[in-house]
Amino acid sequence: MLIRSASGIKISNFANCLNHGPVSRRIDMMLRMPSGGRSMWGAMLSVPLLASVALFVNFDAMAAAMEHTTVKDADVRDVEFVVDGKQMRYDDLQSLDPSEIKSISVTKNPEAKVFIELKDK
């Protein structure tokens, strides 16, 4: 645009090429105001902030809380399994062939039940 106005030519292929590409980006970068010290201070303060968070966070308590959310074998044995309308124990459930299972439904209430429907033979 600067070359276009200086030369007085209405349409200049050379000036049009400057609007697209690395030269245009370089000109835009040179005309941009330098960033203030605010971004530098933000970067410098983030390092001690992250270090203090890592120092004061109780990772053992977080791990223990996450451990309580996983299902253990003792909890699975308390669940009632119903296979095609018949109750089954957890140990007997292991003898089922997974390819015979048509669908599985799980209730979320405190009295957990798992309903397993087998494929028709």
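What follows is calculated from the coordinates using simple rules that are stated; it is not laboratory data. Just so it is clear, the structure is predicted and the values come from calculations on it, not from any experiment. All Cβ positions, glycine included, derive from the backbone under ideal geometry; neighbour counts span all protein chains shown.
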TODO: Could you list all residues from segment 83-121 that are surrounded by 10 or more Cβ atoms within 10 Å (Cβ to Cβ) and acidic (Asp, Glu)?
DONE: 84, 92, 100, 117
- [ ] Kindly provide the set of residues from segment 104-119 that are assigned to a strand (DSSP E or B) and either within 15 Å of residue 78 (Cβ to Cβ) or within 29 Å of the chain's Cα centre (by Cα) (or both), ordered by number.
- [x] 104, 105, 106, 113, 114
